[in-house]
Amino acid sequence: MLSPLMKFRSTLNAGGFPAKRYLTQLRKEMLDGTILNSSFNKESTTVTFMANDPKCKVTDKPYTVCFNNIFLRDSSRSPATVDTKTGQKLFTTGQLALDPIHTTPEKIKITSDGKYLSIKWKDGDFYNYPFDFLYKYKGSTFVSRSLRNRHIGHRPLIWDAMTFNDNLKTFALDYNEFLHDDTSFYKSLINLQKIGMVMVKNLPKLNKEVDPLRALCNRIGPIRSTIYGDIFEVNNLKPNDTNITFTNKRLPFHQDLTYLENIPGFQLLHSVKNETSGGENLYVDSFHSTRFVRETDTEAYEALNIVPINYEYKNDDKRYYQSKPLIEQHDSNEHNVEIGNYEFLIKNINYSPPYQAPMSYGIYNKAPHKEVCTTPGKIIERFMFSDFIRGLKLFEQSINDPANQIMISIPEDTCIIFNNRRILHARNEIISKPNTQRLFRGCFVSNDHFMSKLSFLDEKFN
C-alpha cells in the first residue's frame, strides 16, 4: 500500500490530475433584514433589527445594539465627509471628538423599507446607514464572529499528506488559465489561501519577449524585490557559495528571508530545466505541526510564542539581523481560541535553521557556586527556555514525519506558488552528471498584494 507521500508523487508523475477542471460553484449568500426601531442620546445610538443570515441558525431573534456615536459619525460616507472620487475620508476621528456638535444626532429616522437608518448630525452631516453595515458591526455574540480578528472569508485547510492528496484536483492549473481566465485564477487564489500551494503547468519557454515567471507574479501583484533582486536563479552549473540555497546541497525545512523584518508572503518557483538526479522539493504545512504542539503540550506551545529565535545573514556587504518567535498568532477571541478553529488563531511561522544565529534567551543555567555573577532574571529564563525546547522538539518531530510531507520533482515549464509564511520547503541533494542542468528561477510577492487581489475577486464573483 502506497504511503500518502508516495501516492502524491505517483499521481503527479503520471499526470493524474483530472482533464476536466474542477469548477467551484460560487453562491452568493443573501443577507436580508429589517431595522425595527432606534433611539439616541448624546453618547450613543441604540438600534434594534431583525436579520435573516443564511450563515446563522438563529434567525427569529431581534438584535439590539448600542453604538457609540463617535463610531457612527466616523463611519459616515456622506459627500461632505468622504471624497466622492477616491472614497477616502476628509476628516480625522480626533476632529470629531473635539466638539460634541459633530457626534450628537439631531434627528434619526428609519426609512420606510426598513433598510436604512437615516441620521442627521448637529454639525449638518447627513447619512443613510445601510442595514448590512449595522449588521456587520453588531459585535460579537453567540451567533456571530468577533471583528477583532479580521480574516479573509476562506477558511484555511490545515493538512497532512493524506489531506493534501484529497485536494489534488484543485492543486494544478494551466498557465493560460491562470493568466487569462478570471474564474480559474480566482480558484487558484482561494487554494493558496486554503492550503497554501498551487501548481501552474505548461509555462512557455523563457525568451526575450516572454518571461512567464514575471507574468505569473504580476497577475497577483508587483514583484517584491529582495537582496536577490527581482528574480533569483538556482543553477547547479553555477553554484554560489554565498548562500546555501544556491548550492547543490540538501536543504532542511525552512522559510526564506526570515532575517528581514518584513518577510515576503509568497514565493514562486519556476522549473526551467530539471535534468539532474535528486533535487526533489519537499513541502510541509507548518500550521499542522504547530497545532500538534498545542494539542500535545500547551506550555511548550506558549513558549514557542514567546522565546525569540535570532536570524542573521552576513555575506559580502550585507548585514541583516532579526529576532522572532517561532509562532505568531492573531489576537485571541472567543471564536479562534477553540481547538477546532485553530486556523483562525495561527498567523505566521518563523522557522529557518540555515539562517539561525546563536540564541540570546535562556542560555544561562543556575550555577552551583554563589560567586557566579549572572543576574537572577537571566537565570529564571531557563524555565521558559526548557518549555521552548520541548515545543521545538515536537514541532520538528512533526515536520520531519513523512506522513505530513509531500515531495515533488517539479517538471520543466512548471511553477509552484506557495505561502512563505506557512509552508516550509526543503530540497534533496542535487546530483549532477555531465551535461545535465537544473535551472530554477524564483521571485516573491507580498502578502498585502495577494490579499488585495483575492478580496477584489471576492467582490467580483460574490
From Gly340, Gly279, grab the single residue that is within 20 Å of Gly153 (Cα to Cα) and either open to solvent by 20 Å² or more (accessible area, probe 1.4 Å) or in contact (Cβ under 8 Å) with a residue 12 or more places away in the chain (or both).
-> Gly340
Taking Phe385 as meeting all but one of (1) closer than 16 Å to Val293 by Cα; (2) within 21 Å of the chain's Cα centre (by Cα); (3) modelled with pLDDT of 90 or more, write down the number of the exception.
-> (2)
At pLDDT 95 or above, assigned to a helix (DSSP H, G or I) and either open to solvent by less than 50 Å² (accessible area, probe 1.4 Å) or among the charged types (D, E, K, R) (or both): does that describe Leu213?
-> yes
Are any residues in the range 241-267 farther than 22 Å from Tyr320 by Cβ and open to solvent by less than 30 Å² (accessible area, probe 1.4 Å), and if so, which ones?
-> none
Would you be able to say whether some residue in the range 313-330 is part of a loop (DSSP other than H, G, I, E, B), touching a residue at least 60 places away in the same chain (Cβ under 8 Å) and either within 23 Å of Phe383 (Cα to Cα) or within 20 Å of the chain's Cα centre (by Cα) (or both)?
-> yes
The correct count of residues that are open to solvent by 70 Å² or more (accessible area, probe 1.4 Å) and free of Cβ contacts under 8 Å to residues at least 40 places away in the same chain in the range 226-240 is 2
Flagged pairs (Cβ under 8 angstrom, 6 or more apart or on separate chains; first in the range 374-400, farther than 30 Å from Ile158 by Cα; second of a type in the set (S, T, N, Q) and open to solvent by 60 Å² or more (accessible area, probe 1.4 Å)) are Ile379/Asn365; Arg382/Asn365
Residue list for the range 323-337, filter: open to solvent by less than 80 Å² (accessible area, probe 1.4 Å) and modelled with pLDDT under 95 = Gln329, His330, Ser332, Asn333, His335, Asn336, Val337
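The values are calculated or read from the model by the stated rules, or taken from the named source; none is laboratory data. The model shown is predicted, which means the values in this text are computed figures rather than measured ones. Cβ sites come from the backbone with ideal geometry, for glycine too, and all protein chains shown count toward neighbours. Remember, those area values only see protein heavy atoms, side chains included, never the ligands or the DNA or RNA. Shrake-Rupley method; radii C 1.70, N 1.55, O 1.52, S 1.80 Å.
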